[in-house]
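These notes are about the structure you will find just below.
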Amino acid sequence: MILIADGGSTKTHWCVTGRHTDTRFFFTEGYNPYYITEKYLVTSLKESLIPGYNWDEVEEVHFYGAGCAEDKYDFMRNALSKVFRHARIFIAMDLLAAARALLGRNAGFAAILGTGTNSCLYDGNRITHNIDSLGFILGDEGSGGYIGKKLVCDYIRGEMPDEVGSRFRETYDYTADELIDRIYTQPMANRFCAGFCKFITSDPTAHPYLMGIVRNAFEQLFEKLVCRYPAYETYSFNCIGSVAYYFQDILAEVAEKYHMPLGRIVISPMEGLVRYHTLTENQGI
């Protein structure tokens, strides 16, 4: 029995599969090792596992996660081994999941645009070049967190158009002080800010101000990250994540502006990961 996980900062998509196991999918919350403790991860995951399986029979766990840089491998491996006690556990960044799901065994460019941002060049097996997105505080251009942060700033400063500001106030009912407190003093500010992207996707008018925020975020993504990859124009822009998926029309316009054709845009890498890991020659990370 194999367990595959695509772990974002907001939620984790799991698939349990195997020769003698019905393939099933389920979700838990996100487990970014920079924002949680080992105890929290273990407790949360045990409470979230779907019934009907003997989880001690899991032979392999392939966990691709946001924040799973090499210095966090041991943290994640130790935590997961307390839940899946007899499994071989493989840890990798969510970026490798995106590349493998989007490109399979082919070389190319792959990116993530969800709560956070990441991108890379991929040789068909491994990541060969990655420009650090610098995370929520310093970077993450183009991400849900980046877009949400801009919305919050404009709302607090009174820079939203009146009709947009009124709808924002009615939708969330936060004071400026409450927003600042939530972002600066409480955990997972990136997830909190990314949640405001729903305000844009639910806008029935496609207000130019809101579309402009998204377009500017994508232009910053290209200026600060994509255009810094060698010969980036020779690749197509392949991307996984809800922000890329729901705003792909704007993303296509911006990519064309920077002379990069749009490639595959999918909301989740899971289908591609299941395909990757159920092929005999691809077992292991």
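The values are calculated or read from the model by the stated rules, or taken from the named source; none is laboratory data. Remember, it's a predicted structure, so these values are computed and weren't measured experimentally. Glycine also receives a Cβ, built like all others from the backbone with ideal geometry; neighbour counts cover every protein chain displayed. These area figures cover heavy atoms from the full protein model, side chains too; ligands, DNA and RNA do not enter into them. Shrake-Rupley method; radii C 1.70, N 1.55, O 1.52, S 1.80 Å.
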Residue list for region 125-141, restricted to those being in contact with a Gly (Cβ under 8 Å, 6 or more places away or on another chain) and over 30 Å from residue 184 (Cβ atoms): none
Return the only residue of 48, 81 being over 22 Å from residue 144 (Cβ atoms), modelled with pLDDT of 95 or more, open to solvent by 10 Å² or more (accessible area, probe 1.4 Å) and not aliphatic (A, V, I, L, M). 81
Within the bounds of region 109-124, is there any residue that is loosely packed, with under 13 Cβ neighbours inside 10 Å and more than 23 Å from residue 245 (Cα to Cα)? no
Considering residues that are of a type in the set (Ser, Thr, Tyr) and under 17 Å from the mean Cα position of the chain (by Cα), the number found within region 11-36 is 5
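Condition check ((1) at pLDDT below 95; (2) in contact with a Ser or Thr (Cβ under 6 Å, 6 or more places away or on another chain); (3) open to solvent by 70 Å² or more (accessible area, probe 1.4 Å)) across all residues:
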{"position": "151", "(1), (2), (3)": "no, no, no"}
{"position": "157", "(1), (2), (3)": "no, no, yes"}
{"position": "160", "(1), (2), (3)": "no, no, no"}
{"position": "164", "(1), (2), (3)": "no, no, no"}
{"position": "186", "(1), (2), (3)": "yes, no, yes"}
Residue count for region 248-260, restricted to those that are open to solvent by 70 Å² or more (accessible area, probe 1.4 Å) and touching a helix residue (DSSP H, G or I) at 6+ places or on another chain (Cβ under 7 Å): 1
When the residues of region 51-77 are narrowed to those that are open to solvent by less than 60 Å² (accessible area, probe 1.4 Å) and of a type in the set (Asp, Glu), which ends up nearest to residue 5 (Cα to Cα)? 60
Residues of region 226-247 satisfying the condition of being under 23 Å from residue 213 (Cβ atoms) and buried (at least 17 other Cβ atoms within 10 Å of the Cβ): 226, 237, 239, 240, 241, 242, 243, 244, 246, 247
Take region 1-40 and flag every residue that is without any contact (Cβ under 8 Å) to a residue 12 or more places away in the chain, closer than 24 Å to residue 188 by Cα and surrounded by fewer than 15 Cβ atoms within 10 Å (Cβ to Cβ). 37, 39, 40
